[in-house]
Amino acid sequence: MQGSCGSGGGGAGEIEAVVIRAGRRSGGMAVGADRANKTDDADKEARQRGSMGNPLVTLTPSLPKSPLSLEVNGERVECLVAPQKTLLEVLREDLQLTGTKHGCELGECGTCTVLVDGVPILSCLELGVACENRSVTTVEGLAAGAELHPLQRAFAELGAAQCGYCTPGILLTAKALLEENPAPTRPEIVSALGGNLCRCTGYVKIYEAVELAAARMRGEAAEPTRESLYGH
């Protein structure tokens, strides 16, 4: 074994030198990798700051506000709004009418439904500026002062509103239905409300409330049935 070590030409001293040189090389690689990781982390942090709206990062230029004049719940309203805002955003943020709710914002749940010129529309898909000089009805405009709309009263009596989040859109859709068809059948009610999703109920109470309100709006002395109130 001594001979084999001697044949290497440098003995223990040379082996030690090789180990030191290897350690330096590996240490350099580690330092380089550490610097690369730090750079990647810094880039990632910068991207995150930008995506969260860092005031130093301008993602899109702001657009000048546009004048908007429309009728909301029977009152003429004039305001300045960002042209990219949806009607939903204008109602909630600019006019402080928060009864209209944010839902999916994809036009699939019906939660944001309002009436524009008496027709149910999804306010999350309609630009506010597109409603210039049009008439908009939100859930705040249903009651006449302290007197509830027959639909609101029927929903309260039958417990048709559970958490209530989807209720404004359902009420306005039902209002449009009853104005067009004062005596809808159950299938017609189901069809009209097909675009309004409720995650709390099985919809039966909602349909019954619309039927009760329709009867009262026709002048009938209608009252909730025991089954509707108590389920038996």
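The values are calculated or read from the model by the stated rules, or taken from the named source; none is laboratory data. What you see is a predicted model; the values in this text were computed from it and never measured. Every residue, glycine as well, gets a Cβ built from its backbone with ideal geometry; the counts of neighbours run over all protein chains shown.
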**Asked** Restricting attention to the stretch 111-123, which residues are surrounded by fewer than 23 Cβ atoms within 10 Å (Cβ to Cβ) and either part of a loop (DSSP other than H, G, I, E, B) or aromatic (Phe, Trp, Tyr) (or both)?
**Response** Asp117, Gly118
**Asked** Which numbered condition trips up Ala143, out of (1) surrounded by 16 or more Cβ atoms within 10 Å (Cβ to Cβ); (2) at pLDDT 95 or above?
**Response** (1)
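Just one of Pro150, Pro187 is exposed (fewer than 12 other Cβ atoms within 10 Å of the Cβ) and at pLDDT 95 or above; which is it? Working first, answer last.
Values: Pro150 fails: exposed (fewer than 12 other Cβ atoms within 10 Å of the Cβ).
Testing whether each residue is exposed (fewer than 12 other Cβ atoms within 10 Å of the Cβ) and at pLDDT 95 or above leaves just Pro187.
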**Asked** Any idea which residue in the stretch 67-110 is surrounded by the fewest Cβ atoms within 10 Å (Cβ to Cβ), counting only those that are within 12 Å of the chain's Cα centre (by Cα) and among the hydrophobic types (A, V, I, L, M, F, W, C)?
**Response** Leu106
**Prompt:** If you check Ala130 against the conditions, is it in contact with a helix residue (DSSP H, G or I) (Cβ under 6 Å, 6 or more places away or on another chain) and part of a helix (DSSP H, G or I)?
**Reply:** no
**Asked** If we scan the stretch 153-164, do we find a residue that is assigned by TED's automatic domain parsing to the domain that holds Arg216, assigned to a loop (DSSP other than H, G, I, E, B), of a type outside the set (Gly, Ala, Ser) and in contact with a Ser or Thr (Cβ under 7 Å, 6 or more places away or on another chain)?
**Response** yes
**Prompt:** Name the residues in the stretch 202-224 that are surrounded by fewer than 22 Cβ atoms within 10 Å (Cβ to Cβ), in a helix (DSSP H, G or I) and touching a Pro at 6+ places or on another chain (Cβ under 7 Å), would you?
**Reply:** Arg216, Met217
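Check whether at least one residue in the stretch 166-180 is in contact (Cβ under 8 Å) with a residue 12 or more places away in the chain, assigned to a loop (DSSP other than H, G, I, E, B) and on the phi > 0 side of the Ramachandran plot, and report yes or no. Step through it out loud before you land on a result.
Step one: of the stretch 166-180, the residues in contact (Cβ under 8 Å) with a residue 12 or more places away in the chain are 166-179.
Checking the rest, the ones that are also assigned to a loop (DSSP other than H, G, I, E, B) come to 166.
Now narrow it down to the ones that are on the phi > 0 side of the Ramachandran plot: none.
No: the stretch 166-180 contains no residue that is in contact (Cβ under 8 Å) with a residue 12 or more places away in the chain, assigned to a loop (DSSP other than H, G, I, E, B) and on the phi > 0 side of the Ramachandran plot.
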